[in-house]
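Trainee: Structure below; questions to follow.
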Amino acid sequence: MRTAFRYVLVIAGIALLATTSTGIAGAAATGTPTAVVSVSPTAGEVVGVAYPVTVGFAGPVPDRAAAEHAIEFSVASDRVADPKVPAGSFAWLDDSTVRFTPSGYWPAHSTIALSVGGFKTTFETGSQVVGIADIDAHTFTVSIDGQVVREMPASMGKPKHPTPIGSFTALEKQNPVVMDSRTIGIPLSDPEGYKLTVNYAVRVTWGGVYVHSAPWSVGSQGYANVSHGCINLSPDNAQWYYNNVSIGDPVIIQA
């Protein structure tokens, strides 16, 4: 049965925003335009279950709390019982752009509807693909919809270049990508320097941490951490993960 649930962030005393034919108009007397001009994910896009939603307005928003209050989500699914919108938090990237980051996961295999005043759009989620990198165990384990489907030998960052610990999301997929040590402050002339063309690379941080194919470290994968901070996998395992993960899927790195 297809069900829907509505999420509204309630803030006492916040004035509602008036709707217009192009989006929402600020209730402030300044008349500052606040029509919605962009949303990420785009309409109909299929994303990972931890994907943050970004809303761009036409100009600086005079009342940020009111704009947050006007952003509403609902979830519908034919495959997920009792789907709910996760709790989350808002962060303003600049005066006209706000991002909602779920503290949990969007329901998998669902349609997420977003409305902001008169503006409406939807996007989709695929399977819940969660990758867990265990630094001490030298493994990268992937579960799909709650079931472990692949545990892979891995090599993470060496002590001098540790892999960051925490919860991340897949930010982009690149095949191939050129990795240049100069971008992390290591000259090519340094013994630690490198410039490599790397296949099946899934970006985890904008600082340069990826899950990627590393045929040169296969002998260490599962036994020792020898990378410059990335999560090294064999070519076969990296290709499998690349083909199964979506942008916005969770990547958890633990010691």
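Trainee: With runs of 4+ DSSP H residues as the only contributors, calculate the mean residue ellipticity of the chain at 222 nm using -39,500 (n - 2.57) per run, divided by the residue total and rounded to the nearest 500.
Mentor: That calculation yields -2000 deg cm²/dmol at 222 nm.
Trainee: Oh, and also: How many Lys pairs in the chain lie less than 26 angstrom apart by Cα atoms, where the lysines are 8 or more positions apart or on different chains?
Mentor: For the chain, the number of qualifying lysine pairs is 5.
Trainee: Hey, another quick one. Stretch Leu171-Gln147 to full length: gain in nm at 0.36 nm per residue minus the Cα-Cα span?
Mentor: Stretched fully, the Leu171-Gln147 segment lengthens by 6.4 nm.
Trainee: Using a simple charge model, +1 on the beta-carbon of Lys and Arg, -1 on the beta-carbon of Asp and Glu, nothing else, what dipole does the chain show about its Cα centre, in debye to the nearest 20?
Mentor: Approximately 100 debye in magnitude.
Trainee: Hey, another quick one. May I ask you to derive the FRET efficiency for Tyr223 and Thr54 from their Cβ-Cβ distance with R0 = 45 Å, giving the value to the nearest 0.05?
Mentor: Between Tyr223 and Thr54 the formula returns 0.65.
Trainee: Here is a follow-up. Calculate, for Ile186 and Asp95, the FRET efficiency according to 1/(1 + (r/R0)^6) with r their C-beta to C-beta distance and R0 41 Å; round to the nearest 0.05.
Mentor: Computed FRET efficiency for Ile186 and Asp95: 0.65.
Trainee: Hey, what D do you get for region 80-164 in µm²/s if you plug the Kirkwood alpha-carbon radius into Stokes-Einstein at 4 °C and 1.567 mPa s?
Mentor: Reported coefficient: 80 µm²/s.
Trainee: I need the Kirkwood Rh of region 151-235: take the reciprocal of the average 1/r across all distinct C-alpha pairs and report it in angstrom.
Mentor: Computed over region 151-235, the radius equals 12.9 Å.
Trainee: Now for a different question. Using alpha carbons only, how many degrees (0 to 90, rounded to 10) separate the axis of helix 235-244 from the longest principal axis of the chain?
Mentor: Tilt of helix 235-244: around 10 degrees.
Trainee: Oh, and also: For the chain, treating each Cα as an identical point scatterer without solvent, what Debye log10 I(q)/I(0) comes out at q = 0.08, 0.14 1/Å?
Mentor: Normalising to I(0) and taking log10 leaves -0.39, -0.94.
Trainee: A further question follows. Would you mind putting 88-100, 52-64 in packing order, based on average other-beta-carbon counts within 10 Å, highest first?
Mentor: Descending packing order for the listed peptides: 52-64, 88-100.
Trainee: Residue by residue through region 201-217, what is 3J(HN,Hα) from phi via Karplus (6.51 cos²θ - 1.76 cosθ + 1.60, θ = phi - 60°)? Round to whole Hz and write x for glycine and proline.
Mentor: Using θ = phi - 60°, the values come out as 9, 10, 6, 10, 9, 6, x, x, 8, 10, 9, 8, 5, 9, x, 6, 10 Hz.
Trainee: When each pair of different Cα atoms in region 36-125 is counted once in the 1/r mean, what is the Kirkwood radius in angstroms, to one decimal?
Mentor: About 13.3 Å, per the Kirkwood formula over Cα pairs.
Trainee: Expressed in nm to one decimal, what extension gain is obtained for the pair Asp236 and Asn199 from 0.36 nm per residue of sequence separation less their Cα-Cα distance?
Mentor: Once the chain is fully extended between Asp236 and Asn199, it gains 12.3 nm.
Trainee: Ok, one more. Can you work out the Karplus-derived ³J(HN,Hα) for every residue in region 249-255? Use 6.51 cos²θ - 1.76 cosθ + 1.60 with θ = phi - 60°, whole Hz, and x for glycine or proline.
Mentor: Those phi angles translate into 6, x, 10, 10, 10, 9, 8 Hz.
No lab work stands behind these numbers, since they all come straight from the coordinates. Bear in mind the structure is a predicted one, so any value in this text is a computation, not a measurement. FYI the Cβ positions are ideal-geometry reconstructions off the backbone, even for glycines, and counts take in every protein chain you see.
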